[in-house]
1. Over region 3-285, calculate the relative contact order: mean separation of alpha carbon pairs under 8 Å at least 6 apart, over the residue count, as a percent.
2. What does the extension gain come out to for MET215 and ASN84, with contour length at 0.36 nm per residue minus their alpha carbon separation?
3. Amide H to amide H, which residues 5 or more places from GLU187 or on other chains are under 5 Å from it, using H placed in the peptide plane?
4. Give me the three principal axis extents of region 143-195 from the C-alpha atoms, as integers in angstrom, largest value leading.
5. Take the alpha carbon atoms of region 1-140, find their radius of gyration, then divide it by 2.2 N^0.38 Å using N residues; give the quotient.
6. For MET251 and ASN77, calculate 0.36 nm times their separation in residues minus their Cα-Cα distance, and state this gained length in nm to one decimal.
7. Would you mind checking the pairs LYS62/LYS115; LYS115/LYS259; LYS105/LYS213; LYS200/LYS272; LYS138/LYS200 and listing those with alpha carbons more than 31 angstrom apart?
8. Check TYR233: other-chain or 5+ apart residues with amide H under 5 Å from its amide H, H built from backbone geometry?
Amino acid sequence: MSKLDNRLNHRQLSCLTIDVEDWFHILDSSATPSIERWSSLESRIERNLERLLTLLDTYSVKVTFFWLGWLAEQHKNLVRRCQNAGHEIASHGYAHVLAYEVGEKAFRQDITRAKAVLEDIIGEAVRGFRAPGFSITKEAVWAFDVIAESGYQYDSSIFPTLRGHGGMSDSPLGLYFIKTRSDHLLEIPMSIIEILGSRKSLFGGGYLRLANKLMINWGIHRLHTTGLPLIVYVHPREIDSGQPHLSLTLMRRFKYYVKLNSTLPKLKWLCKNYSFCTMLEMVEGYVRSFYLERRIIPVVRFRGSQVAIERLPALEVLTPPANREAFRTRLLLVEKAMADFLSPRISAHTKQRRNTANAIL
């Protein structure tokens, strides 16, 4: 095993993530109840998370829970239970909105509110974000600026192939930094494999339910042999075959309700046969590896519908470009972004709360 394999092993490249939503949080359908009705509906989140937490505890697996802010407000003790079990708490927004649909102002208000709600509940900074429906598309790349400016340090909203809510079919695979207006935001896109030149997913949602174990195992091996991370994502409703069904179109009923009984057995199989860490642990291991290995770090700039990829050294360069000062400035910016993860910043909201507590004491 190489030094890189030792420092950034398969465990650090494998994350199981859970998008914490209830059965009625279906996107982009007239059959979905409005947020004003959510509190009057039966919630099935507690029983479903209970089953998932029991499974994770059985196999000593730690995961990242992307909590919907509205749901977290209704189930604060459940959020804390996830935290106390050693799992990472991250943000899935507040009201389950599509980024490209609501626009920049409403999106900023939504994700800022979600961060504040979650930090009030768990008493520490929330560092990760995932947009509902992976809804950051090329028409909404402004969202990366908003995410960084709202205090998040990493994002996991890009689906690097076409899907129902958009996707980015030419996005890079694997982890990379996105250059935003204010900072560098680390992006962790969903796991994709290429089959005969076509990008396919086997590792989350309906894709995971439809794929058999042989296909999933082959896909994981292919990811790891090429150094790409395995990101598995599920929703609590996907283990619940008894949930109420919304009046969706035939295609969407298939997407949301097919093979629900297969999800929990596949998660058990994954937990038994693969090692997982939280997304934050993977992020920190990934960032440290650039210091340890002095490797090239990819930085992506989104310019309208174009994706521009720069590759900057993490620490030093043997043959610097002619404009040394410009290069040094760019290098320091990248190192600052990396250092943020190794010495996590505290959001203004968290600082204010701690200052208030200290004043009282």
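Computed from the coordinates by the stated procedures, all read-outs in this text should not be read as laboratory data. Predicted, not measured: the structure shown is a model, and the values here were computed from it.
1. So the answer I get is 25 percent.
2. Between MET215 and ASN84, full extension yields 43.7 nm more.
3. Correct list: ASP155, TYR176, PHE177, ILE178.
4. Dimensions of region 143-195 along the principal axes of its Cα atoms: 37, 21, 14 Å.
5. My calculation over the Cα atoms of region 1-140 gives 1.14.
6. 59.0 nm
7. On the way: LYS62/LYS115 21 Å; LYS115/LYS259 33 Å; LYS105/LYS213 43 Å; LYS200/LYS272 24 Å; LYS138/LYS200 19 Å.
Correct reply: LYS115/LYS259; LYS105/LYS213.
8. THR17, GLY204, GLY205
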